[in-house]
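The values are calculated or read from the model by the stated rules, or taken from the named source; none is laboratory data. Predicted, not measured: the structure shown is a model, and the values here were computed from it. Ideal geometry is used to build each Cβ from the backbone, glycine not excepted, and the neighbour counts take in all protein chains shown. What goes into the accessible areas is simple: the full protein's heavy atoms, side chains included, and nothing from ligands, DNA or RNA. Shrake-Rupley method; radii C 1.70, N 1.55, O 1.52, S 1.80 Å.
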Amino acid sequence: MWMRDAVARNKLPEIKHLNSAKYFPYRWGQALWAYIAGRWGDPVVGRILHAASRNGDAQGAIEHVLGVKTAVLSKEWHEALKSAYQPAVDRTHATELKPLLGAAGRGRMNLAPAVSPDGQQVMFLSEKSLFAVELYLADARSGEVRKRVSNALSPRVDSLNFISSAGAWDPSGRRFAHAVVEHGRPTLIVRDVAQNRIDKEIALPQLGEVYNPTWSPDGQRIAFSALVGGLTDLFVYDLRTDKLTRLTEDEYADLQPAWSPDGKTIVFSTDRFSSDLSDLRFGNYRLALIDPETKAIEPLPTFTYAKSINPQWSADGASIFFIADRDGVPNIYRLERATGQLFQVTDLLTGVSGLTSTSPALSSASSASRLTFSAYKEDRYVLYSLDGAAMLAGRPAEGDTASPALAQLPPEERSYDQIVALKHDVDYGLPPAGEFRVTPYHARLALDYVTQPYIGAGLDRFGTYIGGGTSLAFSDMLGDHNLNLTLQANGGFSDVAALVAYQNMHSRLNWGVFAGQIPYVIANYAMAYDPTTGAETETDYIYRQIERQVGVMAAYPFSRAQRIEATGGYRRISFEEETRTSVFDGASGQFIDTTDQTVSPYPALNLAEGSVALVYDTSVYGATSPLLGRAYRFEVGAVAGSLGYRTLLGDVRQYVMPVRPFTLATRALFYGRVGSGANDTRLNPIYLGYPGLVRGYDPNSIDATECEANTQTCHIIDRIVGSKVLIGNVELRFPLLGLFGANNYFGPFPVEGAFFLDGGAAWNGRTFRDAPKLFGAGHQSVYSAGAAVRVNVFGMAVLEVDYVWPLDRPQKNHIWQFNLTPGF
């Protein structure tokens, strides 16, 4: 389908361009390998991959093994594609239909249409909002989108089942039912469309997943297909009695039910008439009827070799519309119930299709002569409609073939297809019946990846250094067990940073253990001159705070958005000060003497720690920062041992998009230590001027001219350092290049602009009553305003450049800041 569309648009890439993210590998890679294997045989694929593994040069490997330049191979491949599909392009050009919606603008995927009984409205699924697939309501005549019905940011709904399911209107046209996964459980949602509210939620925890609901004509029952134990069967739910009835219970696939206008039968798609389960020989889908009262099933006349899916009744019940691919292209057909005759209604080049070959793509109005369907065209899924008896009648369709040419990737004449032959040989590799081996799963850790190792060496007045580092990640096949190791060595043992962490995700309760050492190093330098001796003294200081920690962690999710976390453990903080003093003759500069000293300025701290946090997050991230949603974290911690104090954290963030593409981002943050040991000088102070907090007050940007002369204090430093901080941020974000109408929001390169206002206060008091004045004359808080630009650097980091006016630094009109940090 994708290749036919590319031929029609004359958009065929050369092989050298296929490494670009623009070309989806499951489309273009599949088509190229099918062509290569078809010309040279399947074994050549392995030879090319083996050759490419030596140096990563895919194009060179293709040329070496095939003896053909990739430029020449591209041309021959394109010619084969055009030879296979151009006749169909020419034949179907005159039958193209006018799109209803989705042919241009936002939303490249417009799927699972469900037209209202009167044919005036249509529900469909689309990613028009850019950030997620959501449910929309549109005018089925003009295509105008009226409103977004669902909210992808809702923490309750995990999935809209947009790949495999479509919704359905009740006979009155007032209610709409669709299947979702809610809190990990399949659920039917019945919406009152006119009132824009949920009328009823039907949780079905005994099922695995629910697809394609359909209403009975009296509006009292809903039939649907459901996954149970890996198999799909048909069910009926009675809205009056809340009773669930199972209609089928076997190993065959039963999909996409549609209730007849008279209420006596349900048509559905099934493989029960074409599959042989005794040797796992699976056939194509065909149509069948089931009596919801007696559960009796009868086949309907369709094609022998083609799949027949997504059946829909005509308003009078005399015909059944469905999708079939008798010539290799999925189109709409009509089965006349009285005569059993088949008619072809559409003749599209790419075909009537959803995301997969069995996704629902067709809907029929139950009280009007109108069909609505999705089709793939010009690299988009577009909605179309057909109206009136004449258009829906179709032309007679006779027979089908086992291997239609339009369903095949070129070349038409293929070398021996070893892989295809093995796939069609259902007996190959199967043991005798009853001798299938069942082996219990045992988790074994294997290396997933290694970060780029590095190593370096250096020499200074303290001696010779050698260092390096890397990280390794291990997991089992199911991802239930994860082990991460990180090592960074920069000298002696005190300068080694190491972390080992294990996480068990086998059940809903995730837990883990961790241990590590992290040194925090600060260097300083001082010089003094003694006029009495004429000696000049230079002193180098290296101050280390070394934290060693072991602990446990656990997390339990209540939904995909909310979870509770807990940690506990032991932490030891030791202190070390290394001093080297060198003495020189002040007049000649001649070296006189040097002394080294290493001391522990403070006794080590031994701390027992624990914390509990409630976390919520529905934020949708862009390339550089969140764009929509809400997030919060409320955490309480306690520390005992050498020091006693408690930690409190409240972090609330909100992201709204009042007008696309502008995002208004807000944050309120408090973090602090309270209690007797909260202000101990051995604990690192909290700086509110760090990147991502209050911009314009980075401690490294403050110089002596901003401090009081002849004193040991600095007023501006005192205002941004403490054991407690309160911070507020407001930011207006927008894609710089996306402002010019790019469909992909950011445009050709992910660059974000922003205007911001930051504010905060820091203090050391033991209680909240000691908090400084935030506003008005004599306030002790700090504020800043400015503009920012963020750039996603090849997916590896986010670079932020800020032009800031620090409003409470009178000596600074503005400053530039550069940080590697995403937006809050």
Answer residue from the stretch 673-695, given it is within 33 Å of the chain's Cα centre (by Cα) and of a type outside the set (Ser, Thr, Tyr) and is most open to solvent (accessible area, probe 1.4 Å) among those
691
Considering each residue of the stretch 232-252, count those that are open to solvent by less than 70 Å² (accessible area, probe 1.4 Å) and part of a loop (DSSP other than H, G, I, E, B), and give that number.
5
Consider only pairs whose beta carbons are under 6 Å apart and that are at least six residues apart or on different chains; among these, list those whose first residue lies in the stretch 535-555 and is free of Cβ contacts under 8 Å to residues at least 40 places away in the same chain and among the aliphatic types (A, V, I, L, M) and whose second residue is buried (at least 17 other Cβ atoms within 10 Å of the Cβ) and part of a strand (DSSP E or B).
550/569
Output for Cβ contacts, cut-off 7 Å, separation at least six or different chains, first residue of a type in the set (A, V, I, L, M) in the stretch 235-249, second open to solvent by 30 Å² or more (accessible area, probe 1.4 Å) and assigned to a strand (DSSP E or B), reads 236/221; 236/245; 239/221
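Please state which one of 53, 74, 83 is surrounded by fewer than 14 Cβ atoms within 10 Å (Cβ to Cβ), in contact (Cβ under 8 Å) with a residue 60 or more places away in the chain and in a helix (DSSP H, G or I). Spell out how you get there, then give the answer.
Working: 53 fails: in contact (Cβ under 8 Å) with a residue 60 or more places away in the chain; 74 fails: surrounded by fewer than 14 Cβ atoms within 10 Å (Cβ to Cβ).
The conditions single out 83.
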Where residue 533 falls short, out of the listed (1) surrounded by fewer than 16 Cβ atoms within 10 Å (Cβ to Cβ); (2) touching a Gly at 6+ places or on another chain (Cβ under 6 Å):
(2)
The stretch 253-278, subset more than 17 Å from residue 335 (Cα to Cα) and part of a strand (DSSP E or B), residue least open to solvent (accessible area, probe 1.4 Å):
254
Restricting the first residue to the stretch 785-804 and requiring it to be without any contact (Cβ under 8 Å) to a residue 12 or more places away in the chain and more than 10 Å from residue 756 (Cβ to Cβ), which pairs with a second residue that is of a type outside the set (Lys, Arg) and assigned to a strand (DSSP E or B) meet a Cβ separation below 8 Å and a spacing of at least six or different chains?
793/799
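Being over 27 Å from residue 99 (Cβ atoms) and in contact (Cβ under 8 Å) with a residue 60 or more places away in the chain is the filter here; which residues of the stretch 385-402 pass it?
399, 400, 401, 402
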Please specify each residue of the stretch 262-299 satisfying the condition of being closer than 27 Å to residue 367 by Cα and in contact (Cβ under 8 Å) with a residue 40 or more places away in the chain.
262, 263, 266, 267, 268, 269, 287, 290, 292, 295, 297
If I go through the stretch 624-652 residue by residue, how many of them are open to solvent by 30 Å² or more (accessible area, probe 1.4 Å), within 30 Å of residue 748 (Cα to Cα) and not in a strand (DSSP E or B)?
0
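With respect to residue 101, determine if the residue is surrounded by 18 or more Cβ atoms within 10 Å (Cβ to Cβ), over 24 Å from residue 417 (Cα atoms) and not aromatic (Phe, Trp, Tyr).
Details: surrounded by 18 or more Cβ atoms within 10 Å (Cβ to Cβ): yes; over 24 Å from residue 417 (Cα atoms): yes; not aromatic (Phe, Trp, Tyr): yes.
When the stated conditions are applied, residue 101 passes them.
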Suppose the filter is at pLDDT 90 or above and assigned to a strand (DSSP E or B); does residue 733 pass it?
yes
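Please work out which residue is modelled with the highest pLDDT, limiting yourself to the stretch 659-672 and to residues that are open to solvent by 60 Å² or more (accessible area, probe 1.4 Å) and within 21 Å of residue 800 (Cα to Cα). Before you say what the answer is, go through the steps one by one.
Filtering the stretch 659-672 down to residues open to solvent by 60 Å² or more (accessible area, probe 1.4 Å) leaves 659-660, 662, 664, 671.
Remaining after also requiring within 21 Å of residue 800 (Cα to Cα): 662, 664.
Working: 662: 93, 664: 97.
Per the stated criteria, the residue is 664.
When you look at residue 171, is it surrounded by fewer than 20 Cβ atoms within 10 Å (Cβ to Cβ), at negative phi and touching a residue at least 40 places away in the same chain (Cβ under 8 Å), yes or no?
On the way: surrounded by fewer than 20 Cβ atoms within 10 Å (Cβ to Cβ): yes; at negative phi: yes; touching a residue at least 40 places away in the same chain (Cβ under 8 Å): yes.
Taking the combined requirement at face value, the residue satisfies it.
Quick one: which residue in 542, 564 is farther than 25 Å from residue 517 by Cα and among the hydrophobic types (A, V, I, L, M, F, W, C)? Before the answer, list the steps.
Values: 542 fails: farther than 25 Å from residue 517 by Cα.
Going through 542, 564 in turn, the sole match is 564.
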Here the qualifying pairs (Cβ atoms under 7 Å; residues six or more apart or on different chains; first in the stretch 654-671 and part of a loop (DSSP other than H, G, I, E, B); second surrounded by 14 or more Cβ atoms within 10 Å (Cβ to Cβ) and not hydroxyl-bearing (Ser, Thr, Tyr)) come out as 661/734; 661/735; 661/738
Qualifying residues in the stretch 805-820 (those that are in contact (Cβ under 8 Å) with a residue 40 or more places away in the chain and among the polar types (S, T, N, Q)) - the one surrounded by the most Cβ atoms within 10 Å (Cβ to Cβ)
817
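Restricted to the stretch 799-824, and to residues that are part of a strand (DSSP E or B) and touching a helix residue (DSSP H, G or I) at 6+ places or on another chain (Cβ under 9 Å), which residue is nearest to residue 621 (Cα to Cα)? Walk me through it before giving the result.
The first filter runs over the stretch 799-824 and keeps only residues part of a strand (DSSP E or B), leaving 799-806, 815-820.
With the extra rule that they be touching a helix residue (DSSP H, G or I) at 6+ places or on another chain (Cβ under 9 Å), the set shrinks to 806, 815, 817.
On the way: 806: 28, 815: 28, 817: 23 Å.
Only one residue tops the list, namely 817.
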Could you please tell me which pairs satisfy a Cβ distance under 6 Å, a separation of 6+ or placement on different chains, a first residue in the stretch 502-515 that is free of Cβ contacts under 8 Å to residues at least 60 places away in the same chain, and a second residue that is outside any strand (DSSP E or B) and open to solvent by less than 70 Å² (accessible area, probe 1.4 Å)?
505/480; 506/480
